[in-house]
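Colleague: One structure follows; several queries about it will come next.
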Ligand code: DX5
Ligand code: ZN
């Protein structure tokens, strides 16, 4: 089996001490840092934008995985490319023209991912799978950390895993929401590649918890 990648979600970090938190991530066994950008429209919460992402990527020694929970993501591709993002992951539900967003992301030195909410099926994005570097399955309603894992995500991960094997696609499968020592076993068995974890890893036992998720 391929190695599982861990992407701690900055949303659960101590925002008063971001420099320390980024150092902690850099020194940990985490592979990526997951950055949740929310606009207060696509989701009922506002977080941070490209200025903060730019500052963080200037110190970050890990892959910058930017999860855009914003309407009209095409408007922000250039800014997040300039902010040092590695992955630009937008929501299928946030745009009328998915293909245009993919095309825009591909103009930059960025990897492209699509995320789907719990009520969206894998079938909705099937026509785009051959062009993607990542698919992000939301196992909670996007907007807030600390929610309970929805097991319907497991079936979607299995389906994406099968489709990848059958068609030779190259995307990574990532899951986000309610990931902990128990739920990680379910998604690993289904073929997930990247685990996003916020509240579970941003604590005093960060290193032990990352190790638990990786096992
Ligand atoms: C929720 C965000 C998640 C969030 C996960 O909309 O996309 O990345 O930080 O937090 P936990 O791991 O606490 O569910
Ligand atoms: Zn996220």
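Colleague: Where both partners of a DSSP beta bridge lie in the chain, what percent of those bridges are antiparallel, to the nearest 5?
Modeller: 5
Colleague: Output the peptides 19-29, 153-163 sorted from most to least packed, where packing is the average of other Cβ atoms within 10 Å over each peptide's residues.
Modeller: Top to bottom by mean Cβ count within 10 Å: 153-163, 19-29.
Colleague: Could you tell me the convex hull volume per residue, in Å³, taken over the Cα atoms of the range 68-175? Kindly include the intermediate steps, with their values, before the conclusion.
Modeller: Values: hull volume 10.5 nm³, N = 108.
Per residue, the Cα convex hull of the range 68-175 comes to 97 Å³.
Colleague: In whole angstrom, and with the biggest value first, how far do the Cα coordinates of the range 65-131 range along each principal axis?
Modeller: Cα spread of the range 65-131 along its principal axes, largest to smallest: 32, 22, 20 Å.
Colleague: Using alpha-carbon positions, what is the distance between the centroids of the range 64-106 and the range 110-142, in Å?
Modeller: 12
Colleague: Per residue and in Å³, how big is the convex hull formed by the alpha-carbon atoms of the chain?
Modeller: 110
Colleague: Have a look at the range 1-81 and give its Rg and Dmax from the Cα atoms, expressed in angstrom.
Modeller: Considering the range 1-81 through its Cα atoms, Rg and Dmax are 13.2, 39 Å.
Colleague: Mind checking the log10 I(q)/I(0) for the range 124-214 at q = 0.16, 0.18 Å⁻¹? Debye, one equal scatterer per Cα, no solvent, two decimals.
Modeller: With one equal scatterer per Cα and no solvent, log10 I(q)/I(0) is -0.63, -0.78.
Every read-out reported here was derived from the displayed coordinates using simple, explicitly stated rules and does not represent laboratory data. All values reported here derive from a predicted model rather than from experimental measurement. Methodologically, a virtual Cβ is constructed for each residue, glycine included, from the backbone with ideal geometry; neighbour enumeration extends over all protein chains shown.
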